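Report on the following structure.
The values are calculated or read from the model by the stated rules, or taken from the named source; none is laboratory data. Every value quoted in this text rests on a predicted model; they were computed, and no experiment measured them. Because the Cβ atoms are built from the backbone with ideal geometry, glycine has one as well, and the counts that use them run over all protein chains shown. Quick note on the areas: whole protein, heavy atoms, side chains included, nothing else; ligands and nucleic acids left out. Shrake-Rupley method; radii C 1.70, N 1.55, O 1.52, S 1.80 Å.
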Amino acid sequence: MAGNSFGTLFRFTTWGESHGPAIGVVVDGVPPRLPLAEPDIQQWLDRRRPGQSRYTTQRREPDEVKILSGVFEGQTTGTPIQLMIENVDQRSKDYRNIADRFRPGHADYTYWKKYGIRDYRGGGRASARETASRVAAGGVARQVLGPDVTIRGALVQIGPLQIDRGRWDWAATGDNPFWCPDPQMAAQWGDYLDGVRKAGSSTGAIIELVASGVPVGLGDPVYDKLDGDLARAMMTINAVKGVEIGDGFGAVALSGETNGDEMRMRMRDGQVEFLSNHAGGILGGISTGQDIVVRFAVKPTSSILKPMRTVDAEGNDTEIATHGRHDPCVGIRAVPVGEAMLACVLADHLLRARALGGRL
């Protein structure tokens, strides 16, 4: 099976299945002599860890990362870094009823048709459990980027309920289980998700990511556009069905003079200053030095308790209701995953820019 690796110079390959003994990632291309220890990675995995509230799956995984190679005496050596996360709370028996039936909206049918075999326990390789490995890779990427680049994510919509951007408070994202920057909307989301969960259903979400401190000049103008790579990165995350950069589809309703981010020279330092950021920090595929803004849409969780019509591997019409522990809104735990993929893309393009002999 191809397609398990991502990136060019900063390149990672994930491995493992949802109900296997462990999952992990091999990260290659990391420069030597960067400080790196397990706590540098663990802090990001703790943000994604399941079972932290009643609004996410109750699977109890500590997601404790182990560095197996590529680090010596607290510094990277320039060799591949292998990271491992053991699976400790599998309940494979929960999936026996779907062994020969395909869950609507899931990868069961397409995976079986393509490969002729599938690991039905939690979706196997197609499970969102794989995203823990991406978050671990993102922890390494943040070390490559250094402290001047800040990457943050927030949920801005669950189902039909959107935040009020006039109440946006980044500090609030750590004070509720939804990474919500609008405390009032966070309370409404709680009530809404309680109803969704009790009904045995699920709902979708929109996540917004912002990277600050990104230097001018990351990305190339044709097939290696920074925004193109970001779009691809987000679309590889489980259940993601759409990506926007900057104003995205909203730019259609703007006039040319509004959408074009005007510029002025700052008197204090002689640097270019943009008067708006409709482009989301990227022009012509190259970073402008402004905040990079990315949004992605996550569909409702496919594994739900409500019975749905489907077919089985023998070609019979049947029904299915998925048992086990599942997120009523998988978008909640997608926030740290999106942050990690953004970090990996930026780290890759930073190393590529340096390899060209630029000033970054």
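Hey, any hits in the stretch 118-130 for a residue that's open to solvent by less than 10 Å² (accessible area, probe 1.4 Å) and at pLDDT 95 or above?
No, the stretch 118-130 contains no residue that is open to solvent by less than 10 Å² (accessible area, probe 1.4 Å) and at pLDDT 95 or above.
Here is a yes/no grid of residues against (1) without any contact (Cβ under 8 Å) to a residue 12 or more places away in the chain; (2) under 30 Å from residue 284 (Cα atoms); (3) within 23 Å of the chain's Cα centre (by Cα):
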site: 182; (1), (2), (3): no, no, yes
site: 186; (1), (2), (3): no, no, yes
site: 189; (1), (2), (3): no, no, yes
site: 195; (1), (2), (3): yes, no, no
site: 201; (1), (2), (3): no, no, yes
site: 204; (1), (2), (3): no, no, yes
site: 208; (1), (2), (3): no, yes, yes
site: 218; (1), (2), (3): no, yes, yes
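In the stretch 186-231, how many residues are part of a helix (DSSP H, G or I) and over 30 Å from residue 273 (Cα atoms)?
Here the count works out to 13.
Which condition does residue 332 not pass, out of (1) within 21 Å of residue 210 (Cβ to Cβ); (2) in a strand (DSSP E or B); (3) in contact with a Ser or Thr (Cβ under 8 Å, 6 or more places away or on another chain), if it passes all the others?
Failed condition: (2).
What single numbered condition from (1) in contact with an Asp or Glu (Cβ under 7 Å, 6 or more places away or on another chain); (2) assigned to a loop (DSSP other than H, G, I, E, B); (3) not aromatic (Phe, Trp, Tyr) fails to hold for residue 309?
Only one criterion is unmet by residue 309, namely (2).
Taking the condition open to solvent by less than 10 Å² (accessible area, probe 1.4 Å), farther than 30 Å from residue 193 by Cβ, hydrophobic (A, V, I, L, M, F, W, C) and modelled with pLDDT of 90 or more, does residue 34 pass?
Details: open to solvent by less than 10 Å² (accessible area, probe 1.4 Å): no; farther than 30 Å from residue 193 by Cβ: yes; hydrophobic (A, V, I, L, M, F, W, C): yes; modelled with pLDDT of 90 or more: yes.
No.
If residue 284 satisfies all but one of (1) modelled with pLDDT of 95 or more; (2) over 20 Å from residue 224 (Cα atoms); (3) surrounded by fewer than 18 Cβ atoms within 10 Å (Cβ to Cβ), what's the number of the condition it fails?
Of (1) modelled with pLDDT of 95 or more; (2) over 20 Å from residue 224 (Cα atoms); (3) surrounded by fewer than 18 Cβ atoms within 10 Å (Cβ to Cβ), only one is false for residue 284: (2).
Collect the residues in the stretch 267-281 that are open to solvent by less than 60 Å² (accessible area, probe 1.4 Å) and without any contact (Cβ under 8 Å) to a residue 40 or more places away in the chain, keeping them in residue-number order.
Applying the first criterion (open to solvent by less than 60 Å² (accessible area, probe 1.4 Å)) to the stretch 267-281 yields 270, 274, 276-281.
Hits for the stretch 267-281 are 270, 274, 276, 277, 278, 279.
Identify the residue in the stretch 97-129 that is polar (S, T, N, Q) and either touching a residue at least 24 places away in the same chain (Cβ under 8 Å) or touching a strand residue (DSSP E or B) at 6+ places or on another chain (Cβ under 8 Å) (or both) and, among all such residues, is farthest from residue 240 (Cα to Cα).
So in the stretch 97-129, the residues polar (S, T, N, Q) come out as 97, 110, 127.
From what is left, the residues that are either touching a residue at least 24 places away in the same chain (Cβ under 8 Å) or touching a strand residue (DSSP E or B) at 6+ places or on another chain (Cβ under 8 Å) (or both) are 97, 127.
On the way: 97: 26, 127: 13 Å.
Restricting to residues being polar (S, T, N, Q) and either touching a residue at least 24 places away in the same chain (Cβ under 8 Å) or touching a strand residue (DSSP E or B) at 6+ places or on another chain (Cβ under 8 Å) (or both), the top hit is 97.
If you take the residues of the stretch 144-194 that are closer than 30 Å to residue 76 by Cβ and out of contact with any strand residue (DSSP E or B) (no Cβ under 7 Å at 6 or more places or on another chain), which of them is surrounded by the most Cβ atoms within 10 Å (Cβ to Cβ)?
Among those residues, the one meeting the criterion is 144.
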